[in-house]
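For reference, the structure is listed below as structure tokens.
The values are calculated or read from the model by the stated rules, or taken from the named source; none is laboratory data. Because the structure is a prediction, the values reported are computed rather than measured. As a convention, Cβ positions derive from the backbone with ideal geometry for all residues, glycine included, and neighbour counts pool all protein chains shown. All accessible areas refer to the heavy atoms of the entire protein, side chains included, with ligands and DNA or RNA removed. Shrake-Rupley method; radii C 1.70, N 1.55, O 1.52, S 1.80 Å.
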Amino acid sequence: MAAPWEDVLRNEPAIQEAASVAVDAALLEGVLMRTEGEPNASDVVNYAPFTLLPSAVPSVLFEQAYAVQQDFNLLVDAISQNKEFLEDTLASTIKVDDFTARLFRIHMQVLEEGLAQSVFLGINRSDYMFDCGVDGTPALKQIEINTIAASFGGLTSRTAAVHGQVLKMLGKSKEASRLLPNNPSKGLALGIAKAWELYGSQSAVVMFVVEEVQRNIFDQRCVENELWNRNIRVIRKRFRDVFEKGSLDDAKRLYMDGQEVAVVYYREGYVPKNYDQQNWEARLLLERSRAVKCPDIATQLAGTKKVQQELSRPGTLERLLPGRAEAVTRIRATFAGLYSLDVGEEGDKIAAMAIADPDQFVLKPQREGGGNNLYGEELRQVLEKIRDSPERTSYILMDKIKPQPAINYLLRAHSPLQVSECISELGIFGVYVRQGKEMVMNKAAGHLLRTKAIEHADGGVAAGVAVLDTPYLV
């Protein structure tokens, strides 16, 4: 999958000059992050890491990823409404994974009280790699679907302009004109705006629930500014602010500092370290409210790895999406091999298979946010330790995807310029809005390409491993 700039990669003076232009272009376009030293201050910023050149992506797989996104939106929404499916699927996991168990307890409590929320907003990102089979033909294989705090829709909206500038400077104007326009931040904001409108109060605000450490603030500001441009007020609060100042009235309307909240958009709350006892209480308060949560807790549970593994079982998709045979076929075509480590004969066999040949698999815990998966020798050691313990049910096993590496330069602040063998991961953003039983909006909202050097098995941009990229369709 060669891109048409192999010639340029061997021209060191041209690369050095292009890198300098690229960094200035990134700063000019606003492809920015706060620094590690000052993660909550915007008076010292730097460019977010990115590739010097766009990476080649097979157009047929790119189109396949877009074509299946509305199906995945419907699937996530169907899972979130299916109490029995979530209960059965997560039964073994919640016995051994305290984080998933606590989310599940809130989910059950809210259902028992009766859902106050009538409008549902999903913003997800389905991530894929290009698996090179035995014959070398690349195939689209899903890594995971992120149903909470799917990031980089903002910064990726600005990255193509940087790559266009670099290509022009390298005498590749024709190629630059072929880079696709891409603005996920606008698509995500459209979904939030629709949910806000259906909530039905002109004076209500959208609340971003944000982390204590906010290095990636500009990514969020891209979405936020799209809302301000529609005259929708946005406030940014942490869980502890909600604990201290959040309240519900008799109709379960949510108030923060005396302002009614129409939509709660989580950019926080996806890993155990996001919670202490106060934060769990804040999360419960939010979930009990009438406000539109993005995601509500059932949708967050729909994104767990255990659910992903269960979906690959024969007949499961058909049960969740009755009468949608074509959607089921499109979804199933993207699945890699997924295996259960539940206690019993099947799980024993799977564990033994992975220990015997660890390089063929990835061991995944029930976590979002990159940097959690286990590979190779580490996978073997962990599985040997837990093979006879119920703890193994907090993981799933997946076939390791083997993409074809390509050469590129990864630009990072304060790092030397060096050539790397790289692999890429394509994410498609999906947005849907449901009111009662009626699907009001269902669309693919843009894409995100992230690239990393092949020596890094796991981790995204926020985890400091992958960098932002732009697809060049071949």
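Scanning the range 288-312 for residues that are open to solvent by 10 Å² or more (accessible area, probe 1.4 Å) and under 23 Å from the mean Cα position of the chain (by Cα) yields D296, Q300, T304, Q308, E310, L311, S312.
Consider the range 393-437 and keep the residues that are in contact (Cβ under 8 Å) with a residue 60 or more places away in the chain and basic (K, R). The one that is least open to solvent (accessible area, probe 1.4 Å) is R434. Search the range 90-105 for residues being crowded, with 20+ Cβ neighbours inside 10 Å and not aromatic (F, W, Y), and hand back the single one that is farthest from A262 (Cα to Cα). Here the answer is S92. Exactly one residue among R283, R290, R313 is assigned to a helix (DSSP H, G or I) and not β-branched (V, I, T), and that residue is R283.
The residues on offer are A56, A41, A26, and the sole one that is within 23 Å of V467 (Cα to Cα), in contact with a strand residue (DSSP E or B) (Cβ under 8 Å, 6 or more places away or on another chain) and assigned to a loop (DSSP other than H, G, I, E, B) is A41. For the range 112-140, the candidate set comprises residues that are at pLDDT 95 or above and in a loop (DSSP other than H, G, I, E, B); within that set, the residue that is surrounded by the most Cβ atoms within 10 Å (Cβ to Cβ) is Q117. You will find that of Q64, Q109, the residue that is surrounded by fewer than 16 Cβ atoms within 10 Å (Cβ to Cβ), touching a Leu at 6+ places or on another chain (Cβ under 9 Å) and either in a helix (DSSP H, G or I) or modelled with pLDDT of 95 or more (or both) is Q109 and no other.
Here the strands (runs of 3 or more DSSP E) wholly within the range 152-265 that include at least 1 residues being open to solvent by 10 Å² or more (accessible area, probe 1.4 Å) and in contact (Cβ under 8 Å) with a residue 40 or more places away in the chain are 246-248.
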